[in-house]
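The values are calculated or read from the model by the stated rules, or taken from the named source; none is laboratory data. These numbers were taken from a predicted model, which means no experiment stands behind them. Methodologically, a virtual Cβ is constructed for each residue, glycine included, from the backbone with ideal geometry; neighbour enumeration extends over all protein chains shown.
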Amino acid sequence: MTAKLKTSLFCLHCNKETSHTIIYRGRYLEEVKCNVCGNEIRIDREKLVETYTSDFIDRVLTKPHRLTKEMKQDLSQFLKSLPIRILTKPYRIAREIEDVLSEKEDKKQEKTRQEKRRIEEIKEKGKKDN
Ligand SMILES: [Zn+2]
């Protein structure tokens, strides 16, 4: 069972407090998404358990009856301090992959441009030869 909650939290990418969607799967927080930049944090629960005490997890990451101001602060603090290995989809890496892909796309376009230019040259040459 999943539950979605909207709240304002600190976004590392926007570098300010923004509107977020928090998704709980079962009892535990699984995903936090910034509604402004779309930055998404997924939390690997196994690694979480290795790193944090169950007290902490219960306090900060289990589905609340009511999201209090203290909980929001805890959650923001938690997100800021989150070690990258706990995230199943670290934003930074996702971004790097994106960059590599767009670079490839650029090169492809450059190749296409070169080919077009060559075709143009051949056409021009053909005209001259005739
Ligand atoms: Zn953001």
>> Let me confirm something: among ARG113, ARG117, which residue is assigned to a helix (DSSP H, G or I) and modelled with pLDDT of 85 or more?
In response: ARG117
> Which of the residues that make up region 83-96 are surrounded by 10 or more Cβ atoms within 10 Å (Cβ to Cβ) and either at pLDDT 75 or above or β-branched (Val, Ile, Thr) (or both)?
Replying inline: ILE86, THR88, ILE93
>> I'd like the full set of residues that are more than 14 Å from LEU75 (Cα to Cα), modelled with pLDDT of 80 or more and of a type outside the set (D, E, K, R), limited to region 49-65.
In response: VAL49, THR51, THR53, SER54
> Looking at region 5-39, which of the residues that are in contact (Cβ under 8 Å) with a residue 40 or more places away in the chain and over 14 Å from SER76 (Cα atoms) is surrounded by the most Cβ atoms within 10 Å (Cβ to Cβ)?
Replying inline: ASN39
> Of the conditions (1) touching a Pro at 6+ places or on another chain (Cβ under 9 Å); (2) away from the ligand (no atom under 16 Å from the Cβ), PHE56 fails just one. Which one is it?
Replying inline: (1)
>> For the list (1) more than 16 Å from the ligand (Cβ to nearest atom); (2) part of a helix (DSSP H, G or I); (3) surrounded by fewer than 17 Cβ atoms within 10 Å (Cβ to Cβ), I need the number of the one condition that HIS65 fails.
In response: (2)
